[in-house]
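Trainee: Attaching a single structure in structure tokens format; questions to follow.
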Amino acid sequence: MSKSVICKTKDKCKKLFEDENSLYPSINNLKSIEENSFDFDNRTNLDDFEWYRLENFSSKDYATKEIKGKSSGVDYDMATKADAAGIEYIFELSDDILFFQKVTRNAFVKKRNFITLGERFEKCPNISLFQINAYPDAIYDRTKDVLYFRKLFSITKIFNGINEIYREATDTEVQSFLAENSFSLVDGFSADKVKIPNRKKIALVQDTFLKMSKQEKKEMFDYIKDYYPNLKLEKGKAQISNEEDLKNILYGLEERFYTTLISKEKRIANSITSAGAKKTKRKSKNSKVQNENEEN
């Protein structure tokens, strides 16, 4: 059965062509991808051939109309040469699986003269090409209503608004977090000095921290100080004088600090994966660590 390849331009979606062969022949089925996928958690780093997944995807506001409802190639006008410069992404339509690939300006190859190597050599003047990657940026399995992807930034222009799953804390949220009675800002440190990496961590941990009892916060600060001796505590409050202090407090709230069983080496987990994030056993993901003083 022919598969329609659709492009999304600035104005609308249009059909590029139809082909009996898939754009991504290396993906015969989704079994391997499904077995090596994890519920999205921006604290988790992927190994090669591993994917994030988002379930119940068609119910999300950022799902495209092709995901929310079925369509076929006859529903689209044909694209023309004039549409090429405005292509934002392409996707391959089928009944069960949709493949999506972002198209960037860097993906285009423009040549004044080009020799194609098909059944015969042919010179093509003033040709523009763009590359089909070995793997798509996103795969939607309609039978299970699951989206698979590897890099969030690669699909933000495809699924408008999906970046909300990995967001920064707002200015108000940062100010509210730092204004907690458990913290004391010193040496001129303030909310406007908090950079993006720590803003993202605040967005993750703020609810957990607010739910902690006074005793739990005390135990948490003692735990952090054991791994980050530079943390200063005064009258039960953790002093924050710079981004490094804040980063290590946030690491502690994520419980990234740990000590190895045999060597007793203090470490910071570089990646966190919930035990329930994968339906099959994961291969040594939590063995990915950094020494205590390394950056995440």
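Trainee: Order 262-270, 4-12 from most to least packed using the mean count of other Cβ atoms within 10 Å. Numbers along the way, then the final one.
Mentor: Numbers: 262-270: 13.6, 4-12: 16.6.
For the peptides 262-270, 4-12, the packing ranking is 4-12, 262-270.
Trainee: I want to check the label-to-label distance for residue 11 and residue 181. Put each point 7 Å from Cα in the C-beta direction and report it in nm to one decimal.
Mentor: 6.1 nm
Trainee: Give me the angle, in degrees from 0 to 90, between the Cα long axis of helix 243-253 and the longest principal axis of the Cα atoms of the chain, rounded to the nearest 10.
Mentor: 90 degrees
Trainee: Identify the GluC sites (Glu not before Pro) of the range 14-55 meeting these criteria: DSSP loop state and at most 14 other C-beta atoms within 10 Å of the C-beta. Numbers along the way, then the final one.
Mentor: Values: sites: 18, 20, 34, 35, 50, 55; in loops: 20, 50.
Sites meeting the loop and neighbour criteria: 20.
Trainee: Let me check against my output: what whole-number percent is the relative contact order of the range 1-53, with C-alpha pairs under 8 Å and at least 6 apart? Provide the component values of the computation, followed by the final result.
Mentor: Working: 49 pairs, mean separation 13.1, N = 53.
After rounding, I find 25 percent.
Trainee: Further, regarding this structure: Using a 1.4 angstrom probe on heavy atoms only, work out the carbon and sulfur share of the accessible area of the chain in %. If you can, show how the numbers build up before the last one.
Mentor: Working: 8300 of 17470 Å².
Carbon plus sulfur share of accessible area: 47 percent.
Trainee: Might you tell me the accessible area per residue for the chain, computed with a 1.4 Å probe and given in Å²? Let's see the in-between values first.
Mentor: Working: 17470 Å² over 296 residues.
Accessible area per residue: 59 Å².
Trainee: I would also like to ask the following. Please list the equivalent ellipsoid semi-axes of the range 135-231, computed as the square roots of five times the alpha-carbon gyration tensor eigenvalues, in descending order and whole angstrom. Show your work: numbers first, answer last.
Mentor: Working: eigenvalues 246, 55, 33 Å².
In descending order the semi-axes read 35, 17, 13 Å.
Trainee: Let me ask something else. How far is the Cα center of the range 165-232 from the Cα center of the range 11-80, in Å?
Mentor: Cα centroid to Cα centroid, the span is 37 Å.
Trainee: Using only Cα atoms, find the angle between the long axis of helix 214-227 and the longest principal axis of the chain, and express it within 0 to 90 degrees, rounded to the nearest 10.
Mentor: 80 degrees
The values are calculated or read from the model by the stated rules, or taken from the named source; none is laboratory data. Bear in mind the structure is a predicted one, so any value in this text is a computation, not a measurement. Note that we place each Cβ from the backbone using ideal geometry, even for glycine, and neighbour counts take in every protein chain shown. Calculation scope for accessible area: heavy atoms of the full protein, side chains included, ligands and nucleic acids excluded. Shrake-Rupley method; radii C 1.70, N 1.55, O 1.52, S 1.80 Å.
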